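Colleague: The structure follows.
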Amino acid sequence: MTPAGKIFLCLLLSLATAMVIRALLGEKRDLWFERKVPKSFITLRTKLSMYVAIGTPKTFKGALVVAFLLALVALECTAVCFFL
C-alpha cells in the first residue's frame, strides 16, 4: 500500500472510531464533556464535525474517555503503518 493510502486509511479509521465512541457516549456526553459552540464565521463547523466533536472533558470519566480514544486511534494507526 502506498504511503498516501495508509494516511487515508488512518484518517478513515480515526473518524469511524470517533463516531462509534460518540454514539456509545449518548447522553453521558453532556455530563462528562463541555461543548463550546463556535460563534464566528472563521470557527464554523460542519454538521459531521459538530456530531463527532465530544468537547473538552469536565470530569475524570471524561478524561478517561479521551485517553482511551487517543490510545485506540494511536493503536489503529500503528497497526496500519506497520502491518499493511
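The values are calculated or read from the model by the stated rules, or taken from the named source; none is laboratory data. Everything numeric in this text was worked out from a predicted model, so none of it was measured. Neighbour counts run over all protein chains shown; Cβ positions are idealised from the backbone, glycine included. Just so you know, the surface numbers come from the protein's heavy atoms only, side chains and all, with ligands and any DNA or RNA stripped out. Shrake-Rupley method; radii C 1.70, N 1.55, O 1.52, S 1.80 Å.
Colleague: Anything in the range 24-36 that is in contact with a Pro (Cβ under 9 Å, 6 or more places away or on another chain) and assigned to a helix (DSSP H, G or I)? List them, or say none.
Modeller: Step one: list which residues in the range 24-36 are in contact with a Pro (Cβ under 9 Å, 6 or more places away or on another chain), which gives 32-34.
Answer for the range 24-36, where residues must be in contact with a Pro (Cβ under 9 Å, 6 or more places away or on another chain) and assigned to a helix (DSSP H, G or I): just W32.
Colleague: Name the pairs whose Cβ atoms lie under 6 Å apart, with the first residue in the range 56-84 and more than 29 Å from M1 (Cβ to Cβ), the second in a helix (DSSP H, G or I), and 6 or more positions between them or separate chains?
Modeller: Sorted first by the residue in the range 56-84, then by its partner, the pairs are P57/A63; P57/V66; T59/W32; K61/W32; G62/W32.
Colleague: Can you confirm whether the range 40-47 contains a residue that is modelled with pLDDT of 90 or more, open to solvent by 40 Å² or more (accessible area, probe 1.4 Å) and not aromatic (F, W, Y)?
Modeller: no
Colleague: Here is a follow-up. With surrounded by 15 or more Cβ atoms within 10 Å (Cβ to Cβ) and part of a loop (DSSP other than H, G, I, E, B) as the only criterion, which of I54, I21 stands out? Before you say what the answer is, go through the steps one by one.
Modeller: Working: I21 fails: part of a loop (DSSP other than H, G, I, E, B).
The match here is I54.
Colleague: Would you mind telling me which numbered condition in (1) over 14 Å from V73 (Cα atoms); (2) surrounded by 11 or more Cβ atoms within 10 Å (Cβ to Cβ); (3) not hydroxyl-bearing (S, T, Y) P3 fails?
Modeller: With respect to (1) over 14 Å from V73 (Cα atoms); (2) surrounded by 11 or more Cβ atoms within 10 Å (Cβ to Cβ); (3) not hydroxyl-bearing (S, T, Y), P3 is out only on (2).
Colleague: Search the range 5-20 for residues that are under 11 Å from V80 (Cα atoms) and pair each with any residue that is open to solvent by 50 Å² or more (accessible area, probe 1.4 Å) and in a helix (DSSP H, G or I) when their beta-carbon atoms are under 8 Å apart and the residues are at least 6 apart or on different chains.
Modeller: Sorted first by the residue in the range 5-20, then by its partner, the pairs are K6/C81; C10/C81.
Colleague: Give the range 24-39 a look and list any residue that's open to solvent by 50 Å² or more (accessible area, probe 1.4 Å) and among the charged types (D, E, K, R), or say none.
Modeller: E27, K28, D30, E34, R35, K36, K39, listed by residue number.
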